[in-house]
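Trainee: Below is the structure I would like to discuss, written out as structure tokens.
Please treat every number below as a calculation from the coordinates, not as lab data. Given the structure is predicted, the values throughout are model-derived calculations rather than measurements. Glycine also receives a Cβ, built like all others from the backbone with ideal geometry; neighbour counts cover every protein chain displayed.
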Amino acid sequence: MDTRRHPTPSRTRALVVGESLTDIIRPADPTQPTVEMPGGSPMNVSIGLARQGVDVQFYTELGADRAGDRIEERLVHEGVDLLTGPRNGCTAIAYAAVRPDGSADYRFDLEWSLPHGIPQHSPVDVVHVGSLAAAIEPVAGAIESLMRSARAASTVSYDPNIRPAFERDLGLARLRVERQARLADIVKASDEDLAHLFGAEPVDSIAQRWIDAGAALVVITRAHRGMLLITRTARIDLPGRHAGIVDTIGAGDATTAGLLAGLGTLGLLGADQREHLRTIEPRTLRAVGEWAQQTALLTIQRAGAEPPTSAETRDALRDATSARALAGAAT
């Protein structure tokens, strides 16, 4: 991996804004008990980043209840710097029913009001937003304002993380995602997100539209079929890697955490690195993609959203590379 162009920072700094909630998970095996645990896509990203050695500030809303206490306890335990306003009401809930293939159906009991606005925070290299918090008005407007202002100093990362059960108006959802994608430097979306929003439009066409609008990097995850990473000068198609799937909860969030941590390690985050990110060398982009993919693979081998540490990702990626080399030599 060629890092000579990019000064490597001592530690990447991130701000994540979005919902935290309680996941109530019903396993595919009906003989297994229902599990309750803290969750929410932005929260999962925060924890994933912290486990990858990133300094993380996370702004969210917490209910004035025991569920809110558990979320706060977990974030503190993970080393995430929690930013939150006064706690009111009940903590949001996500109900997840795991299918036999490890994927999950969701429904939500969620409110997101941001009554005190987004608080002051320390300078950061990257701001990550998305998921349900970016879909609820009028908060979506505040998040879009944050995305605009953050670009002066930081890379802006966005994951629409579409939940069909939550989106009541597909036309408005499509317009919102297009608008928010145009404000981001990095857009990570699943092929399921894109199919839900844009039907049969090819994913390369969607990615190119976002690149033309200003995004430096578009990443499209495709479950067992791998991942696409697209810039204006490169297109990397990573094949899928099969692993024993326990469930896929938090897999996309782990991908985001691995992606941002990998880019941060290379010194490619921050407004002053925007043009370097646009023209990242293909072999470097591939290495970052493989790191993000391995981070997700380790997550789906565990129950719930439990992303790996950077050491775990490093060791697993090294072992996978060695195994592929041995297989190639054998043939």
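Trainee: Test residue 175 against the criterion of being of a type outside the set (Phe, Trp, Tyr), over 26 Å from residue 279 (Cβ atoms) and touching a helix residue (DSSP H, G or I) at 6+ places or on another chain (Cβ under 9 Å), and give yes or no. Break it down into steps so the answer makes sense when it comes.
Mentor: Numbers: of a type outside the set (Phe, Trp, Tyr): yes; over 26 Å from residue 279 (Cβ atoms): yes; touching a helix residue (DSSP H, G or I) at 6+ places or on another chain (Cβ under 9 Å): no.
So residue 175 fails the test.
Trainee: Which condition does residue 191 not pass, out of (1) more than 30 Å from residue 67 (Cα to Cα); (2) touching a Lys or Arg at 6+ places or on another chain (Cβ under 6 Å); (3) surrounded by 19 or more Cβ atoms within 10 Å (Cβ to Cβ), if it passes all the others?
Mentor: That leaves (3) as the condition not met.
Trainee: If you don't mind, another one. Taking the options 139, 177, 129, 124, name whichever one is free of Cβ contacts under 8 Å to residues at least 40 places away in the same chain and under 17 Å from residue 16 (Cα atoms).
Mentor: Working: 177 fails: under 17 Å from residue 16 (Cα atoms); 129 fails: free of Cβ contacts under 8 Å to residues at least 40 places away in the same chain; 124 fails: free of Cβ contacts under 8 Å to residues at least 40 places away in the same chain.
Going through 139, 177, 129, 124 in turn, the sole match is 139.
Let's see how each residue does on (1) farther than 26 Å from residue 270 by Cα; (2) among the aromatic types (Phe, Trp, Tyr); (3) in contact with an Asp or Glu (Cβ under 7 Å, 6 or more places away or on another chain):
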{"residue": "28", "(1), (2), (3)": "yes, no, no"}
{"residue": "57", "(1), (2), (3)": "no, no, yes"}
{"residue": "65", "(1), (2), (3)": "yes, no, no"}
{"residue": "73", "(1), (2), (3)": "yes, no, no"}
{"residue": "84", "(1), (2), (3)": "no, no, yes"}
{"residue": "95", "(1), (2), (3)": "yes, yes, no"}
{"residue": "98", "(1), (2), (3)": "yes, no, yes"}
{"residue": "118", "(1), (2), (3)": "no, no, no"}
